[in-house]
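The values are calculated or read from the model by the stated rules, or taken from the named source; none is laboratory data. These figures come from a predicted structure and were not determined experimentally. Counting neighbours? That spans all protein chains shown, and the Cβs are built from the backbone with ideal geometry, glycine included. With ligands, DNA and RNA removed, areas are computed over all heavy atoms of the protein, side chains included. Shrake-Rupley method; radii C 1.70, N 1.55, O 1.52, S 1.80 Å.
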Amino acid sequence: MQKTTTLLSCFLIFIACSNAYKEKTNFSKQALKETLLHREGNQVAFEQILKENKGQITLIEIWASWCSDCIKAMPKLKELQKTHPEINYVFISMDKSKEAWINGIEKHQLNGNHYMANDQMKGKFAKAIDLDWIPRYIIVDKTGKIALYRAIETDFEKINQTITELK
C-alpha cells in the first residue's frame, strides 16, 4: 500500500511539474498591460509592442548589458539576424539604469526595437513572463501567438528551427 501511495504521489508531482513548464501560446493579461521604457523615453504597454509587430514573425530577446551569457550569445544572435533579416527583433533590457542600457545597445550594435523593463529582473514584467534566466528568447508568430516561450543562449538551433517553420 505504501509503495502504491508513493508511486501515485510521484506521478502527480511529475504531472504538476510538466504542466508548469508547458509552452504558453499567449501572454498573461498582467504581461500585456505592463509598460516598458522605449529608447526614445516614452512608456509603451507590452500589448502595444506586440500589436505593432503583428503580421510578422518577432523574436524577443530579454537581456542586460551586465549579463555575461547575453554578451556571449550576441554573435549567435547576429548570425540569426543575417539568416533571417525579414523578421522583427525586439530587445527588452533588464538593466538597472537607462545609461547602462543605451551604452549596451551602442557597444554591441544591436539592431532592432529597444525597450527597458521599469523594474528589472524581479519586477512585475519579469514575473508576468516567468523570467528566470537571461538571455531569454521568445518567438511570436504572425498572428501574435507565442511559438516558442522559453529559449536561452544554448537554444539557437531550436530558435532557428522555429523561425524556419513559421516562414
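In degrees, nearest 10, range 0 to 90: what is the angle between the Cα axis of helix 98-108 and the longest Cα principal axis of the chain?
Roughly 80 degrees between the two axes.
Mind listing which trypsin sites (Lys or Arg not before Pro) in the stretch 24-72 are in a DSSP loop and have 14 or fewer other Cβ atoms within 10 Å?
Lys54
Would you indicate which of [x] 14.3, 40; [y] 17.6, 65; [z] 16.0, 47 is the value of Rg and Dmax of the Cα atoms in Å derived from the coordinates of this structure?
Only one listed value fits the structure, namely [y].
What stretch of the chain, leaving out the sites themselves, is the longest with no GluC sites (Glu not before Pro) in a DSSP loop having at most 12 other Cβ atoms within 10 Å? Intermediate results must be reported in sequence, preceding the final value.
Values: sites that count: Glu23, Glu40, Glu86.
Free of exposed loop sites, the longest segment is 87-167.
For Thr83, tell me the accessible area in Å² from a 1.4 Å probe, rounded to the nearest 10.
80 Å²
For Leu59, Leu166, give the ranking by accessible area with the largest first, probe 1.4 Å.
Details: Leu59 5, Leu166 55 Å².
Reading off the accessible areas and sorting them downward yields Leu166, Leu59.
Rounded to the nearest 10 Å², what accessible area does Phe156 have for a 1.4 Å probe in the complete protein model?
20 Å²
Rounded to the nearest 10 degrees, what's the angle between the helix 68-83 long axis and the longest principal axis of the chain, both from Cα atoms, 0 to 90?
That helix lies at roughly 70 degrees to the long axis.
When all protein chains stay in place, what accessible area (Å², nearest 10, 1.4 Å probe) is found for Ser28?
Rounded to the nearest 10, that gives 40 Å².
Say the cut-off is 28 Å between C-alpha atoms; which of Lys76/Lys167; Lys96/Lys167; Lys29/Lys107 go over it?
Lys96/Lys167; Lys29/Lys107
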